[in-house]
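The values are calculated or read from the model by the stated rules, or taken from the named source; none is laboratory data. Small disclaimer: the values here were computed from a predicted structure and weren't measured. Reconstructed Cβ throughout: ideal geometry from the backbone, glycine too, with neighbour counts over all protein chains shown. Protein only, heavy atoms only, side chains kept; ligands, DNA and RNA dropped before computing areas. Shrake-Rupley method; radii C 1.70, N 1.55, O 1.52, S 1.80 Å.
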Amino acid sequence: MGDRNAGTARSTGAGPVLPAEPPPVPHARVDASDGAEASDGARPGGVLKRERVRDAVLGMVEERRAGDAIPSERTLCVQLGVSRPTLRAAVDELVAAGVLIREHGRGVFVAPEKITQELVPGRHSLSVPRAAGAWASRLLEFTTVPAGARVGRKLRLSPAAQIVYVARLRLVDGYPMAIEHLHIPAALVPGLTSRELEHGDLYEHLRTHHGVYVNEATQTIEPTVVTRAEAELLEVPELSPALLFERLTTDTSGQPVEYVHSLYRGDRYRIVSRLTLGADTAPAGQPSEGHHPGIPPGDFVHGDPVAASTLGDVQGQQRR
């Protein structure tokens, strides 16, 4: 199932390379700021707090089947140590992402799994050029925390193992473009600095300063909408369309080195795919299994693979 993570889609170069419970949510105190969701994005610690709540609920979703109920708001507030407004915002986000379904008078339930379609079957990869524009980053959160169950599974770590959690706002030509949440095993990046996260290419920093050589990544992309806190950071109206990217990156030995989920503005960012369709060598009328994205079933009847190259395209914006 996709995370809001993303989510199910949830970059280190100029754009996404391929679209938790970071740590489990502790029994934290409830403070007066819990109800101030509109300003949560700008408050120190606010991004990590929302991330913990969101991913704790996602962890519960992953342990259940479609149609199963999640605990009541009252129960979850006690378990996670947060206020109802904070919890409700996280649940609303997952409902908007299609992870949960709210039924009036009955409760909140796990949604059916989403249909997954790979652009290229097997081990064929996507070639992703850098997106347009001058990219920069502004740190929102930078801390070391236990991995927790969900992120630990993704990175093949113990839940108690330390990870570096980073939330950063990605800017293009000075305008906010995306919110990115990174989870990196702390043992891989001793001495990682904020400068490395704000300037240059993170993968280049990992290679030159930490001896980490990234090799492959699996990424998903999903449509979603932004929450109120995300809208403030991205400078768009609440519930504006967005693209949710989720990526798991491995090194040359096949070990996970990075789990990322990112939210990109739907009004300024789009993905362009170029497909090369193989020659039709199958007998006429022979159906293929499934279908390729954007090509209606039956239009592409043979089973040849589709080669694709995908590139991020930033829409221009006039300075006011």
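When averaged across all projection directions, what area in nm² does the alpha-carbon convex hull of the range 167-283 cover?
10.6 nm²
Can you sort M177, M60 by solvent-accessible area, 1.4 Å probe, largest first?
M60, M177
Once the Cα gyration tensor of the range 140-182 is diagonalised, what are the square roots of 5 times its eigenvalues, in whole Å and ordered largest first, as equivalent ellipsoid semi-axes?
Taking √(5λ) for each Cα gyration eigenvalue gives 27, 10, 6 Å.
Using a 1.4 Å probe on the protein heavy atoms only, what accessible surface does R54 show? Give it in Å² to the nearest 10.
Accessible area, nearest 10 Å²: 10 Å².
What percentages make up the Cα-Cα pair-distance distribution of the range 58-110 when the bins are 10 Å wide from 0?
25, 62, 13
Could you list the residues of the range 184-204 with an amide nitrogen less than 15 Å from a label point located 7 Å from the Cα of T144 in the Cα-to-C-beta direction?
What the label zone holds, given the 15 Å backbone N cut-off, is 184-194.
Considering only protein heavy atoms, with the full assembly of protein chains and a 1.4 angstrom probe, order H205, H261 by accessible area, largest first.
Correct descending sequence by accessible area is H205, H261.
Evaluate the Kirkwood expression for the hydrodynamic radius of the range 154-232, namely the inverse of the mean inverse distance over all pairs of different C-alpha atoms, and round to one decimal in Å.
Result for the range 154-232 stands at 14.8 Å.
Work out how much length E113 to Y175 would gain on full extension: take 0.36 nm times their residue separation and subtract the Cα-Cα distance, in nm to one decimal.
That works out to 18.9 nm of additional length.
Put +1 on the Cβ of every Lys and Arg and -1 on every Asp and Glu Cβ in the range 140-249; which of A231, P190, G200 then has its Cα farthest towards the positive end of the dipole?
Final value for the positive-end residue is P190.
Rolling a 1.4 angstrom probe over the protein chains, ignoring ligands and nucleic acids, what is the accessible area of E216 in square angstrom, nearest 10?
Here the accessible area works out near 90 Å².
Could you work out how far apart the two model spin labels at V272 and R102 are, taking each label as a point 7 Å from the Cα in the direction of the beta carbon, and quote it in nm?
Using points 7 Å along Cα→Cβ, the separation is 3.9 nm.
Obtain the nm distance between the two label points defined at R156 and V95 by a simple spin-label model: each point lies 7 Å from its Cα along the Cα-to-C-beta direction.
With each label placed 7 Å out from Cα toward Cβ, I get 3.9 nm.
Order R150, R65, most accessible first, counting only protein heavy atoms with a 1.4 angstrom probe.
R65, R150
Once both labels are modelled 7 Å past Cα along the beta-carbon direction, what's the E235-D68 spacing in nm?
Simple spin-label model gives 4.4 nm for this pair.
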